[in-house]
Amino acid sequence: MGKSRQTGNHKSDAKKHIARTWKNKHKTKDLDQIHADMKPEIAAALLHQEVDIDVTGCAQHYCLHCARYFVDLRSMKEHFKTKVHKRRLKQLREGPYTHAEADRAAGMGSYIPTPKVEVKTQTVEEDMD
């Protein structure tokens, strides 16, 4: 009896879905979700979270614009100087896409340019422990 010709077929299903796995691995919030998080009451809640040991840095160091947690204050300050953060700030300067704007784009109304939003890097409160 020889070796079966269909060896390894059960692994082919895993290879089909590997692209989906890699695509969704580092999924971040969309820009409109971040604009919603930038409202003062929600931003205050995100920046002053309770200690959670399951989150990186115990949820104490959070970049509001990039929706990322950092291990310590120093690494978050270094992040503020990176291209990734600056690029995200530039993207956030354009206002969120609204339903009214979609209607105007479809021909139901006249064009009104999207208002620019003033976005600055968040201030960092240093603990004096």
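Read the figures in this text as sums done on the coordinates, not as results from a lab. All figures in this text were calculated on a predicted structure; none of them were measured in a lab. When we count neighbours, we look across all protein chains shown, and the Cβ atoms used for this are built from the backbone with ideal geometry, even at glycine.
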Suppose R0 equals 22 Å. What FRET efficiency, 1/(1 + (r/R0)^6) with r the Cβ-Cβ distance, do LYS29 and GLU118 give to the nearest 0.05? 0.65
Explain nothing, just compute: Karplus ³J(HN,Hα) = 6.51 cos²θ - 1.76 cosθ + 1.60, θ = phi - 60°, for every residue of the range 90-104 in order, whole Hz, x for Gly and Pro. 5, 5, 6, 5, 7, x, x, 6, 10, 5, 4, 5, 5, 5, 5
How much net charge surrounds ALA44 when only other residues with a Cβ under 15 Å from its Cβ are counted (Lys, Arg +1; Asp, Glu -1)? -3
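So for the range 29-122, what percent of the C-alpha to C-alpha distances run longer than 18 Å? Working shown, then result.
Details: 2333 of 4371 pairs.
Of all Cα-Cα pairs in the range 29-122, 53 percent lie more than 18 Å apart.
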Hydrodynamic radius by Kirkwood, which averages 1/r over all alpha carbon pairs of the range 39-84, in angstrom: 11.0
